[in-house]
Structures are given as C-alpha cells and as structure tokens.
Amino acid sequence: MAHQENLVKIAQEGFALVEEFYSRSRRPERLPHENPVQKTYPVWRSFATPKTIDTYQAAKKYGGIVVLDGRRKYRTDSTVLVLILCSALVSCHAAGGRAGRAAVTTFNVLSYGAKPGKQQESTQAFFKAWKAACDFDREAMILIPPGVYKLGETIFQGPCKSRTPITILLQGTLQAVSDISAYPDKGWISFDEVNGLILTGGGTIDGKGQDVWKYDDCKTNPNCVHLAASIYMTKVKNAKVKSINLINSMGFHMHITNSYLVRFHSLKVTSEDGPNTDGMHISKSNTVKVSRSVFRTGDDCISIGQGSNNVTINQVTCGPGHGISVGSLGKVQNELDVQGLIVKNCTLVGTTNGLRIKTFPASGPSKASGLLFKDIIMEKVKNPIIIDQNYGSKSTKPSRVKISDVFYQNIRGTTISPVAVNLKCSAQEPCKNIRFHNINLRHTSNVRVSSTCTNAVVQRTGLQSPQAC
C-alpha cells in the first residue's frame, strides 16, 4: 500500500509539472524575486489539511528550470516533457489507473436486509450497513436505493476506521415510525463521534411529525422535552450534508451540537405547521456553514444557541417561519458565549421575525458578540429587526446576557408592522456598539415605519429608514 501511494504521488507531481510547463511557456518570464506559483486544495474537497505544491521548486528539482543571467528559463525540450509524462503515466498505471484514490467500496442497505415499503421497519439493516462501512479501513459508501424505508431511532456511531469520509448516498425516502416511544433520546437519525461524513443523493428524510405534534406541550410547559430531531449530530467533525430534502420533522429538522467543521448546502426543509420544528439549531459548535438552502418551517428557520462560534449563513431563503434567530439564550445557568456569526445574502418572506436576538430575563451571565447581518432582503416580515431580552418569561429580573458588536448592513424590503426596528435590551446589561448602515424598510401599506430602542447604544450611517433611535 505504501509503495502504491508513492507511485501515485509521483504520478500526480508528473502531471502537475507537465501542466505547469505548458502554462509557463505562454507566460512572460518571471524574475527570481517573484513568488512561485502555488496551488492550494480547499479543506472542504479533501477533508484533510490543505496541501501546497511549489511547482517551481519541483520543476527545478527535476531539471525543468535553469537560471541564466539572473532570470529563470524553462526548458521545454521534448526530452524533459516526455520523460515526465511517461513517468506519470507509468506510475498512474501501476496504481490502478486512479490518481490517488482507491476504488470506493459500496455497502448497499438492501444487502443487509432493508425492505423498501411503507410497513416493514429497516432500522437493523441500516445499523448493520453502517457498522460494516464504519469498520472498513478504506473509502466506503452506503447506498440507499430509491424506495421508502421505515426507521425507528437510528444511531450511526463512530469513530470509524477509514481516514476518508464515509459517504451516505440517499436516493430513497427515510420515513419515521409514528410511535413516539421509539425515540427515547434527542434524535431520530443520529451521528455520534463521526469524523468525516458526506450525506447526499437528493433523497428525502420524512419525520412524519404530523403524527406526533399533538404531544408537544412546550407552549404551556417551560420544562418540556423536545420531540426528536430528524438529524441529530453530536461530536461530528469534517462533515458535509448537501442535496437532501427534509420534511415534517417531529422536533428540530437538524440539531448540530458539540461539532466542528460542518457544512450544509442545497437543502430544502419544509414543515410549515409543526410546533418547534426549527429548520436547524446549532449549539456548542465551531465553524458551521449553511448556504444555498430553502427553509419553510413552523419555527425558526435557523437558530443559533449557546456556545456557537464562527457560524456562516449565506444565500438562504427563509419563510414562512420565525426568521433567523440568535437564541434563545440564558434559559439555563452557565451557558457558553456566542461569538462570530455572519448572516449574508439571505431573503426572508412572510416570517413573523426577520433577524432576531432573544434572551431570557433573570439569566446567568454570558455574551453574544461579533454578529454581522449583511445584504438581507425582507418581504412582508412582521418584525424585521428585533432584539428581545425579555423573551419567554414574565420575570421582572433583567437578563444578564451581554449583547455587543452587532452590525446590520444593507437591510432592505417590506414589513407589515409599523415598528421595523425594535431593540429591547437589558436594563442591567445594555446593548453596546449596535451599528446600522443603509437600512431601507418600508411598510406594505405605505404607512410610516418607526424604530424603538431601550437600553441600547446605537450608531448609524448611510440611509436610515426608519430613522434610527
């Protein structure tokens, strides 16, 4: 295996050199002080530390460059090129004709007893297919062919042996069983301690929430237990979820916690009537990216919970639903800070809130800072910009969550409320360094809109509609 990997490496260098020689032959000559050409490979492609190849040094090593009169000269004689190309071809052939990648081994859930159909449960078959793939020490893919697969609580447990991500190719539909007692934990489909995961395929995850929403009592019970999330990720690293449809979750559609380097894109999330059916809830996680996705939910499209750091939300369409929220924060003691959130290029349509920060009163001390909301379009949004530090409780004690360094930039569109900007900050911990730049919000009925600010230090530049308080 080591010999094969060396051959593959030589092949890759050979091809890179040939490509570089041809490109350099058409470029102006470079002086010795100029930086060499470098190629970098993004972490999201390989799920590994990015590599940097110094093609100038490599070419010089193999005799493709000479230095004359203080200038670099690149040998383009056929001997050098043919030798390099032949070396690359021979090495690639010796490695089986694949540049650096062994054949992917497929684990088809049908081979482990999964039965497509609306009645028969396939939970054990999925567990067996995952275990086989997880115990495999090379590149593995779990194939879920077209069809409807009934599943109870399903836990994909790591860590796994392979150094490459396990791919789950979901082409069919996963459908939850309707017995609420089948979900004793926080998730319906859970990923635990998995390092390297790709979930894709264009399939559907159907939580059948309409069968169990009647058991949700969180509106009347402050100590309620949330129904199971359709996807629950904990201690997951280096993961990508793309091109998946999620519908009618029991609780959250996706709950991401204690995880690092997770990316979501090209998702479609739909559950317009269910209570507490957040499209995605993120907590205690670092470097999470959500992009190019559509959320139509019965609660927050995306909610950012305690301990979230370096979260980016880009090109997301939200609505109907409760908007994009930071919080709620401060419900329990000793919560972790929220820091580093970017929400940009998003559209909110018909939501009850637009960009919301919400904290409980009488909370323990924590912070929410470094939040940027940029290039946002609102269409018929009830509360476009709102900070509510008296959320979810009738307590008269102020919130102790410190909100600071919040930037709203290029926010435009329409609202159905006469109050377009509403900042209700804590009397004990006033909001600090809240900045507005180019805010243009209009009422759908051409009614004059206003802004209100309580316990907030606000700075404003550029266009301001409504006038900042």
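Which ones in the range 287-299 are open to solvent by 10 Å² or more (accessible area, probe 1.4 Å), in contact with a Ser or Thr (Cβ under 8 Å, 6 or more places away or on another chain) and part of a strand (DSSP E or B)? Spell out the reasoning first.
Our first condition is that a residue be open to solvent by 10 Å² or more (accessible area, probe 1.4 Å); within the range 287-299, this holds for 287, 289, 291-292, 294, 296, 298-299.
Applying the additional criterion that residues be in contact with a Ser or Thr (Cβ under 8 Å, 6 or more places away or on another chain) yields 289, 291-292, 294, 296, 298-299.
Passing the criteria: LYS289, SER291, ARG292, VAL294, ARG296.
Pairs, please: C-beta under 8 Å, at least 6 apart or cross-chain, first residue at positive phi and of a type outside the set (D, E, K, R) and in the range 253-265, second surrounded by fewer than 22 Cβ atoms within 10 Å (Cβ to Cβ) and not in a strand (DSSP E or B)?
Qualifying pairs under 8 Å: ASN258/LYS235; ASN258/LYS284; LEU261/VAL43.
Does the range 172-186 contain any residue that is modelled with pLDDT of 95 or more, open to solvent by less than 30 Å² (accessible area, probe 1.4 Å), farther than 20 Å from GLY117 by Cβ and hydrophobic (A, V, I, L, M, F, W, C)?
no
For residues that are open to solvent by less than 20 Å² (accessible area, probe 1.4 Å) and in a strand (DSSP E or B), scanning just the range 300-312, find the one that is farthest from LYS402 (Cα to Cα). Before you say what the answer is, go through the steps one by one.
Taking the range 300-312 first, the residues open to solvent by less than 20 Å² (accessible area, probe 1.4 Å) are 300-305, 307-308, 311.
This time we only want the ones that are in a strand (DSSP E or B), so: 302-304, 311.
Values: ILE302: 21, SER303: 18, ILE304: 16, VAL311: 19 Å.
My answer is ILE302.
Residue-wise test of (1) at pLDDT 95 or above; (2) closer than 25 Å to THR277 by Cα; (3) open to solvent by 50 Å² or more (accessible area, probe 1.4 Å).
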{"residue": "ALA132", "(1), (2), (3)": "yes, no, no"}
{"residue": "ILE144", "(1), (2), (3)": "yes, no, no"}
{"residue": "LEU151", "(1), (2), (3)": "yes, yes, no"}
{"residue": "GLY158", "(1), (2), (3)": "yes, no, no"}
{"residue": "ARG163", "(1), (2), (3)": "no, no, yes"}
{"residue": "ILE168", "(1), (2), (3)": "yes, yes, no"}
{"residue": "ILE198", "(1), (2), (3)": "yes, yes, no"}
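Could you tell me whether any residue of the range 249-267 is modelled with pLDDT under 95, over 19 Å from THR173 (Cα atoms) and open to solvent by 20 Å² or more (accessible area, probe 1.4 Å)? Show your work before the answer.
Initial filter on the range 249-267 (modelled with pLDDT under 95): none.
No.
Please count how many residues of the range 275-286 are touching a strand residue (DSSP E or B) at 6+ places or on another chain (Cβ under 8 Å) and either closer than 17 Å to VAL236 by Cβ or surrounded by fewer than 24 Cβ atoms within 10 Å (Cβ to Cβ) (or both).
Start the filter on the range 275-286 by keeping residues that are touching a strand residue (DSSP E or B) at 6+ places or on another chain (Cβ under 8 Å), which leaves 277-286.
From what is left, the residues that are either closer than 17 Å to VAL236 by Cβ or surrounded by fewer than 24 Cβ atoms within 10 Å (Cβ to Cβ) (or both) are 280-286.
Qualifying residue count, the range 275-286: 7.
How many of the residues in the range 420-448 are among the hydrophobic types (A, V, I, L, M, F, W, C) and either closer than 13 Å to LYS380 by Cα or not in a strand (DSSP E or B) (or both)?
Start the filter on the range 420-448 by keeping residues that are among the hydrophobic types (A, V, I, L, M, F, W, C), which leaves 420-421, 423, 425, 427, 431, 434, 436, 439, 441, 447.
Then drop every residue that is not either closer than 13 Å to LYS380 by Cα or not in a strand (DSSP E or B) (or both), which leaves 420, 425, 427, 441, 447.
Residues in the range 420-448 being among the hydrophobic types (A, V, I, L, M, F, W, C) and either closer than 13 Å to LYS380 by Cα or not in a strand (DSSP E or B) (or both): 5 in total.
For the range 427-456, name all the residues that are open to solvent by 80 Å² or more (accessible area, probe 1.4 Å), more than 19 Å from ARG412 (Cα to Cα) and not basic (Lys, Arg).
Within the range 427-456, GLN428 is the sole residue that qualifies.
Does SER369 satisfy the condition of being open to solvent by 10 Å² or more (accessible area, probe 1.4 Å) and either touching a helix residue (DSSP H, G or I) at 6+ places or on another chain (Cβ under 7 Å) or not charged (D, E, K, R) (or both)? Break it down stepwise before answering.
Values: open to solvent by 10 Å² or more (accessible area, probe 1.4 Å): yes; either touching a helix residue (DSSP H, G or I) at 6+ places or on another chain (Cβ under 7 Å) or not charged (D, E, K, R) (or both): yes.
Answer is yes for this residue.
So, in the range 427-464, exactly how many residues are of a type in the set (D, E, K, R) and under 16 Å from VAL406 (Cβ atoms)? Reasoning before the result, please.
Initially, the range 427-464 is screened for residues of a type in the set (D, E, K, R), giving 429, 432, 435, 442, 448, 460.
Still in the list and also under 16 Å from VAL406 (Cβ atoms): 429, 432, 435, 460.
Counting residues in the range 427-464 that are of a type in the set (D, E, K, R) and under 16 Å from VAL406 (Cβ atoms) gives 4.
Any chance the range 459-467 includes a residue that's at pLDDT 95 or above, outside any loop (DSSP other than H, G, I, E, B), hydroxyl-bearing (Ser, Thr, Tyr) and open to solvent by 50 Å² or more (accessible area, probe 1.4 Å)?
The initial filter retains those residues of the range 459-467 that are at pLDDT 95 or above, namely 459-466.
From the residues that got through so far, the ones that are outside any loop (DSSP other than H, G, I, E, B) too are 459-465.
If we keep only those that are hydroxyl-bearing (Ser, Thr, Tyr) as well, we get 461, 465.
Okay, now just the ones that are also open to solvent by 50 Å² or more (accessible area, probe 1.4 Å), so 461.
Looking for residues that are at pLDDT 95 or above, outside any loop (DSSP other than H, G, I, E, B), hydroxyl-bearing (Ser, Thr, Tyr) and open to solvent by 50 Å² or more (accessible area, probe 1.4 Å), one finds at least one in the range 459-467, hence yes.
Yes or no: the range 396-417 includes at least one residue that is open to solvent by 40 Å² or more (accessible area, probe 1.4 Å) and hydrophobic (A, V, I, L, M, F, W, C).
Let us first name the residues in the range 396-417 that are open to solvent by 40 Å² or more (accessible area, probe 1.4 Å), namely 396-398, 400, 402, 405, 407, 409-410, 412, 416.
In the following step, the residues that additionally are hydrophobic (A, V, I, L, M, F, W, C) were identified as 407, 416.
Checked against the condition, which is being open to solvent by 40 Å² or more (accessible area, probe 1.4 Å) and hydrophobic (A, V, I, L, M, F, W, C), the range 396-417 yields at least one hit.
What number of residues within the range 313-336 satisfy the criterion of being open to solvent by 10 Å² or more (accessible area, probe 1.4 Å) and more than 17 Å from LEU348 (Cβ to Cβ)?
So the answer is 7.
Going through ASP278, ASP273 one at a time, which residue ends up being under 15 Å from GLY187 (Cα atoms), outside any strand (DSSP E or B) and among the acidic types (Asp, Glu)? I'd like the intermediate steps shown before the answer.
Working: ASP273 fails: under 15 Å from GLY187 (Cα atoms).
That would be ASP278, the only listed residue that is under 15 Å from GLY187 (Cα atoms), outside any strand (DSSP E or B) and among the acidic types (Asp, Glu).
Can you pull out the residues in the range 123-143 that are under 17 Å from GLY207 (Cα atoms) and either touching a residue at least 40 places away in the same chain (Cβ under 8 Å) or in contact with a Gly (Cβ under 7 Å, 6 or more places away or on another chain) (or both)?
Narrowing the range 123-143 to residues under 17 Å from GLY207 (Cα atoms): 123, 126.
Result: THR123, single match.
Restricting to the range 159-186, give me the number of residues that are closer than 15 Å to PHE126 by Cα and under 20 Å from the mean Cα position of the chain (by Cα). Outline the logic, then answer.
So in the range 159-186, the residues closer than 15 Å to PHE126 by Cα come out as 166-177.
So of that shortlist, the ones also under 20 Å from the mean Cα position of the chain (by Cα) come out as 166-170.
Count: 5.
Could we say that ALA114 is assigned to a loop (DSSP other than H, G, I, E, B), touching a Ser or Thr at 6+ places or on another chain (Cβ under 9 Å), surrounded by 13 or more Cβ atoms within 10 Å (Cβ to Cβ) and at pLDDT 95 or above here? Break it down into steps so the answer makes sense when it comes.
Values: assigned to a loop (DSSP other than H, G, I, E, B): yes; touching a Ser or Thr at 6+ places or on another chain (Cβ under 9 Å): yes; surrounded by 13 or more Cβ atoms within 10 Å (Cβ to Cβ): yes; at pLDDT 95 or above: yes.
Considered against the rule, which asks whether it is assigned to a loop (DSSP other than H, G, I, E, B), touching a Ser or Thr at 6+ places or on another chain (Cβ under 9 Å), surrounded by 13 or more Cβ atoms within 10 Å (Cβ to Cβ) and at pLDDT 95 or above, ALA114 comes out as yes.
So the check is Cβ under 9 Å with 6+ separation or different chains; which pairs have a first residue in the range 362-380 that's farther than 29 Å from VAL447 by Cβ and in contact (Cβ under 8 Å) with a residue 60 or more places away in the chain and a second one that's open to solvent by less than 50 Å² (accessible area, probe 1.4 Å) and among the hydroxyl-bearing types (Ser, Thr, Tyr)?
If the second residue must be open to solvent by less than 50 Å² (accessible area, probe 1.4 Å) and among the hydroxyl-bearing types (Ser, Thr, Tyr), the pairs left are SER366/THR359.
The values are calculated or read from the model by the stated rules, or taken from the named source; none is laboratory data. Fair warning: this is a prediction, and the values are worked out from it, not measured in the lab. Heads up, the Cβs are rebuilt from the backbone with ideal geometry, glycines too, and the neighbour counts pull from every protein chain shown. Ligands, DNA and RNA are excluded from the accessible area calculation, which covers all protein heavy atoms including side chains. Shrake-Rupley method; radii C 1.70, N 1.55, O 1.52, S 1.80 Å.
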